[in-house]
Amino acid sequence: MTPFGVLVLLTGALTLVFGEGGSSDFWADALMAWWRSARSSYRGIKRLVIYLDNGPENSGRRTQFLKRMVQFADWSGLAVRLVYYPPYHSKYNPIERCWSSLEKKWSGVLLNCWEVILQCAQGQRVSNPG
């Protein structure tokens, strides 16, 4: 399973969405899932600024990703602004610090099933079988 994270810079709230990732479609679907659950908390929001790292799933040169972001904007009614960090500057991206903390907390556990993901999310010690 692949985690997708949304970090709300204003509040520091981190939301994780898990699925079979590795594509622009997973990225856009996870963003839609987050917005479905979060929009009631952000009723006055008209614009969403998304900070990205130019990874293969969310590159500004990837037409599938851009198509899905347009679909998200149409569906959500939000004006969406994509802001890209320069290459190799992930240390300035706040979500990267979240991933680093989670990797330490999860101790390299392979997120290979929902049971393991839930145990990690609940802070339980997990060891992968096998």
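The values are calculated or read from the model by the stated rules, or taken from the named source; none is laboratory data. The structure displayed is predicted, hence computed values, not measured ones. All Cβ positions, glycine included, derive from the backbone under ideal geometry; neighbour counts span all protein chains shown. When the accessible area is computed, the model is the full protein with side chains, heavy atoms only, and any ligands, DNA or RNA have been set aside. Shrake-Rupley method; radii C 1.70, N 1.55, O 1.52, S 1.80 Å.
Tabulated values for the structure
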read-out: Residue match in segment 12-27 (condition: touching a Phe, Trp or Tyr at 6+ places or on another chain (Cβ under 9 Å), assigned to a helix (DSSP H, G or I), among the hydrophobic types (A, V, I, L, M, F, W, C) and touching a residue at least 12 places away in the same chain (Cβ under 8 Å)); value: yes
read-out: Per-region count, segment 60-103, residues surrounded by fewer than 11 Cβ atoms within 10 Å (Cβ to Cβ) and either touching a residue at least 60 places away in the same chain (Cβ under 8 Å) or in contact with a Pro (Cβ under 6 Å, 6 or more places away or on another chain) (or both); value: 0
read-out: Pick from segment 42-59, criterion touching a residue at least 24 places away in the same chain (Cβ under 8 Å) and open to solvent by less than 30 Å² (accessible area, probe 1.4 Å), ranking: nearest to L78 (Cα to Cα); value: L48
read-out: Output for segment 1-11, where each listed residue is open to solvent by less than 30 Å² (accessible area, probe 1.4 Å) and either within 15 Å of S101 (Cα to Cα) or not in a strand (DSSP E or B) (or both); value: F4, G5, V6
read-out: Residue within segment 36-53 that is under 13 Å from the mean Cα position of the chain (by Cα) and aliphatic (A, V, I, L, M) present; value: yes
read-out: Looking only at segment 19-41, and only at residues there that are farther than 20 Å from N54 by Cα and not polar (S, T, N, Q), the one that is surrounded by the fewest Cβ atoms within 10 Å (Cβ to Cβ); value: R36
